[in-house]
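This report refers to the structure that appears directly beneath it.
Derivation of every value follows stated rules applied to the coordinates shown; laboratory data play no part. No experiment lies behind these values; they were computed from the predicted model shown. Heads up, the Cβs are rebuilt from the backbone with ideal geometry, glycines too, and the neighbour counts pull from every protein chain shown.
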Amino acid sequence: MVFYQLEIVVLENKFDEFIESLFFLSSGIRKEDGCVDFSLYRDLENKDAYRMIAEWKTQKAMEKHFKQKLFPVLIGAVMALGKDFEMNIGDTLEKGSYPLAKKKITLLQRTGKKKGA
């Protein structure tokens, strides 16, 4: 699976408009072929910071989404309602729960490798 995330700091007094826009856009994006999930998360330390994560079954499905009408509207809303935003694109290499995380942490500790090394 592949995903993109948008990190946005919402402008003061634009929260309601931001939420309304995302509510409208998310219902359409979730219906697009290949969309696994589209979610919004709020930062615990910065009340104006949010992270949107869109997960796709394949790279091709995500690329098709980028060419659909809702993605440019999403980016336009983020630019109009946010002070700043950053977009990241990535692959999900493995999925699992606590046992997988524990195994990976143990492996990193044994090899001495750090994240990003």
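Scattering from the C-alpha atoms of the chain alone, worked out with Debye: what is log10 I(q)/I(0) at q = 0.15, 0.16, 0.20, 0.22 1/Å?
Those come out to -0.76, -0.84, -1.08, -1.20, one per q.
Taking a cut-off of 15 Å between Cα atoms, list the aspartates and glutamates near K104, but don't count ones fewer than 8 places away on the same chain.
E94
Check each of the GluC sites (Glu not before Pro) in segment 15-46 and keep only those in coil by DSSP with at most 14 other C-beta atoms within 10 angstrom; list them in order.
Hits after loop and neighbour filter: E45.
For the chain, modelled as a Gaussian network with Cα springs under 10 Å, which listed residue fluctuates most, G34, G82, G96?
Sorting by GNM fluctuation, first place goes to G96.
What pairs in K31/K67; K67/K95; K57/K102; K31/K69 have C-alpha atoms more than 24 Å from each other?
In this structure, K67/K95; K57/K102 exceed 24 Å between Cα atoms.
Please give, to one decimal in nm, the separation of the simple spin-label points placed at E63 and T92, each 7 Å out from Cα toward the Cβ.
2.1 nm
Can you pull out the trypsin sites (Lys or Arg not before Pro) in segment 26-105 that DSSP calls coil and that have at most 15 other Cβ atoms within 10 Å?
Those that pass, being in a loop and sparsely packed, are K47, K57, K69, K95.
Report the charge-dipole magnitude of segment 1-91 in Debye, nearest 20, computed about the Cα centre from +1 at each Lys and Arg Cβ and -1 at each Asp and Glu Cβ.
That gives a dipole near 420 debye.
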